[in-house]
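Q: I have a structure here, written as structure tokens, and I will follow up with some questions on it.
FYI, it's all coordinate maths here, none of it is from the lab. What you see is a predicted model; the values in this text were computed from it and never measured. For neighbour counting, all protein chains shown are included, and Cβ atoms are generated from backbone atoms with ideal geometry for every residue, glycine included.
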Amino acid sequence: MVSPVHLTPATVRVFRQKIYRYYRQHGRTLSWRKTRNPYHILVSEVMLQQTQVERVAEKYEEFISAFPDFKTLASAPLRKILQVWQGMGYNRRALYLQKIAQAVSDNYNGKLPRQLDELIKLPGIGKNTASAIAAFAFNKPVAFIETNIRSVFIHFFFCDRDSVRDNEIMPLVEKTIDTENPRKWYYALMDYGVMLKKTHPNPSRKSAHHQKQGRFEGSNRQVRGRIIKVLTENPNISEAAIIKRLGISPEGVKSNLDQLQKEELIRKKGNKFNV
């Protein structure tokens, strides 16, 4: 392992050269990399939370086409947003996107704030996502870690270690960032990380924060997604009708209906449910 204290300029230069060399030859072409529109970049970053790039690539253009700016998204019926979001999973992200659009429209004159501390205040935006938005939308040299970046740094600097913590990686990210073009640098890091996972044992498994995602089939995530789909297609439907359509246990449906109400994704009026 190379300590950030002993990370010499020569080491940084060689590291960057290797990452950029791969990127020049094999960098991915992704729709959200072709734009500097902060709204479009925000949408892509929220979509990329917990979802594979390939799936986001299928939905991103459709979502931008349906909701081309903050104002349109802020005023859209939630039902329509969830219909377009269908298949992405983690539907709270769609709700967060609308709440962000409303906050930007109400508090920032329809323009995404550039300051990191303001981005972090937006609904559903943590520090890493805020930092990624700052880097990609505004080319700010802020340090952040996501799964592919984590893989690169573990591969190069912690190859003989297990249970590597992000607070050990972060100083190296800060020391090696290309301050002249952080946007390009992070694209290159991420693409190198994708390559590593295909050609090496996944380095991120050596992370102390690595968690294997639970099985989707039969999970509450799947049930919630199916409930949302039923409600977007059938407004004002009863719990009994939902249970009949899904063909699963009443207990499983009821507990997930309760959770979806708490998350503000659905609402109940009388004995009928709606999004």
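Q: Just to confirm my numbers, what's the Cα centroid distance between region 206-275 and region 145-198 in Å?
A: So the two Cα centres are separated by 36 Å.
Q: Can you give the local net charge around ASN37? Use residues other than it whose beta-carbon is closer than 15 angstrom to its beta-carbon, Lys and Arg +1, Asp and Glu -1.
A: Residues near ASN37 contribute +4 overall.
Q: Based on the alpha-carbon gyration tensor of region 91-246 and its eigenvalue square roots a ≥ b ≥ c, which shape applies: rounded if a/c is under 1.5, prolate if not and a/b is larger than b/c, or oblate?
A: Oblate.
Q: Another question, if that's okay. As I understand it, the dipole of the chain uses +1 on the Cβ of Lys and Arg and -1 on the Cβ of Asp and Glu, about the Cα centre. Which of ASN274, TRP32, GLN115 lies farthest toward its positive end?
A: The residue sitting most towards the positive pole is ASN274.
Q: Please give the net charge around VAL173, taking every other residue with its beta carbon less than 10 angstrom from that of VAL173, where Lys and Arg add +1 and Asp and Glu add -1.
A: Charge balance in the 10 Å sphere: 0.
Q: Identify which of the listed values of Cα extents along the principal axes in Å was calculated from the structure shown: [x] 62, 48, 40; [y] 91, 29, 28; [z] 68, 42, 31.
A: Here the calculated entry is [z].
Q: What number comes out for the charge environment of TYR20, summing +1 per Lys or Arg and -1 per Asp or Glu over other residues with Cβ under 11 Å away?
A: With Lys, Arg at +1 and Asp, Glu at -1, the net is +4.
Q: Taking the radius of gyration and the Kirkwood hydrodynamic radius from Cα positions alone, what is the Rg/Rh ratio for region 30-158, to two decimal places?
A: For region 30-158, the value is 0.97.
Q: Going by C-beta contacts inside 10 Å, put LEU97, LEU260, LEU78 in order with the fewest on the left.
A: So the ranking, lowest neighbour count to highest, is LEU78, LEU260, LEU97.
Q: Convert 20 °C to kelvin, take the viscosity as 1.002 mPa s, use the Kirkwood radius over C-alpha pairs of region 220-274 as Rh, and evaluate the Stokes-Einstein diffusion coefficient in µm²/s, rounded to a whole number.
A: 198
Q: Place +1 on the Cβ of every Lys and Arg and -1 on the Cβ of every Asp and Glu in the chain, take the dipole about the Cα centre, and give the residue among ALA132, VAL14, GLY252 whose Cα lies farthest towards its positive end.
A: GLY252
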